1. Can you tell me how segment B:56-170 classifies by the Cα gyration tensor, rounded, prolate or oblate, using a/c under 1.5 as the rounded cut?
2. Given R₀ = 41 Å, what would the calculated FRET efficiency be for B:V24 paired with A:T121, taking r from the Cβ atoms and rounding to 0.05?
3. Between A:G35, A:G60, A:G155, find the one with the highest GNM mean-square fluctuation for chain A; connect C-alpha pairs within less than 10 Å.
4. Show that you can apply the helix-only estimate: for chain B, add -39,500 (n - 2.57) for every DSSP H stretch of four or more residues, divide by all residues, and state [θ] at 222 nm to the nearest 500.
5. Multiply the residue gap between A:S7 and A:R91 by 0.36 nm, knock off their C-alpha separation, and tell me the result in nm, one decimal place.
6. Once label points are set 7 Å from the Cα along Cα→Cβ at both B:D75 and A:E131, what is their separation, rounded to one decimal in nm?
7. Please report, for A:E131, the nm distances (one decimal) from its label point, 7 Å out from Cα along the beta-carbon direction, to the equivalent points in the remaining copies, shortest first.
8. Other chains' Cβ within 10 Å of B:91-104 residues: what's the mean?
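Values quoted throughout were computed directly from the atomic coordinates according to the rules given, and no laboratory measurement underlies them. Model, not experiment: these values are computed from the prediction. Every residue, glycine among them, receives a Cβ derived from its backbone with ideal geometry; neighbour counts consider all protein chains shown.
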Protein chains: 2
Amino acid sequence: MVRNVYSGKVITLNIDTVQLPNGVTVDLETIRHPGAAAVVPVKDDGTVVLIRQFRHAAGGFIYEIPAGKLAPGEDPLDCAARELEEEVGYRASSFELLSSIFTAPGFADEVIHVYKAIGLTKGRQHLDRDEVLEIVEMPLHQAIARIQDGTIRDGKTIVGLQAVFIRNSA
Amino acid sequence: MVRNVYSGKVITLNIDTVQLPNGVTVDLETIRHPGAAAVVPVKDDGTVVLIRQFRHAAGGFIYEIPAGKLAPGEDPLDCAARELEEEVGYRASSFELLSSIFTAPGFADEVIHVYKAIGLTKGRQHLDRDEVLEIVEMPLHQAIARIQDGTIRDGKTIVGLQAVFIRNSA
């Protein structure tokens, strides 16, 4: 049984009555989210293109990779390419899927498809009115150090940067 | 201005009216969550202890590291130690904080503190009635391969496993 509590612009909140595989029945608060795509833009010299974005829920500006919600029916790769150009003004010649991650499976169904993008050329940045961000470029090894010192704290961003670093080292 | 839509067992949903740093005012659907702790248990031979857990929001069983919500006022390290013993039946002689991550900063304030645990000894597993999981142990390099082939998809789990792998390689 599903009881809808709220349907909004981004998320839907339902209380789902679920029988677990062990036979126990529980009511679970479940957020439905359309999903998203994110992209680690890697320049030919190994520099990665990050953003420092205002996030109300996080209490201020945080480091992230470019990302955005999927439009209805949108291919995640198209979404990644769109957000790459809109948020940081780059186009890419090649995308590689690194991971499709559950961000918070305890209460939400959101999946973010995390790509690596290479072969970057300049396009045109175009921010939405509710996007407040600045572009920050740094060498990949410095981004890894910023994860380790606690400066970079966004989950999808850490997943993407670490994955590129590990694949480069293999 | 904050309008409360729902206050539940795990999450609270508010509609926050926020003035962004660029002067634009927006209504933001914001999930408040108590936060959580998670732990990568690493045995002396490099084996990591994962769980395969039923997650309704994810549509089935997914691979994760042991984790749980913070009790009110609880130190994240105490939470990590508690969940390590309750979910997989191990105690650890030493914990190291790897990252404190925002899981979904576009709509939620949840922070998960991700630790590495070493010096494992057998304790006593004690599952809650709504926890359905089995323990899966594998070498760290195999866990990294399972991330790369898309088998391991949980964000906090990937962050933790990749962080341990990168630190081991440094």
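1. Judged from the Cα gyration tensor, segment B:56-170 comes out rounded (a/c under 1.5).
2. 0.85
3. A:G60
4. -7000 deg cm²/dmol
5. Stretched fully, the A:S7-A:R91 segment lengthens by 26.8 nm.
6. Once both label points are built, they end up 4.3 nm from each other.
7. 4.1
8. Averaged over the peptide's residues, the number is 5.
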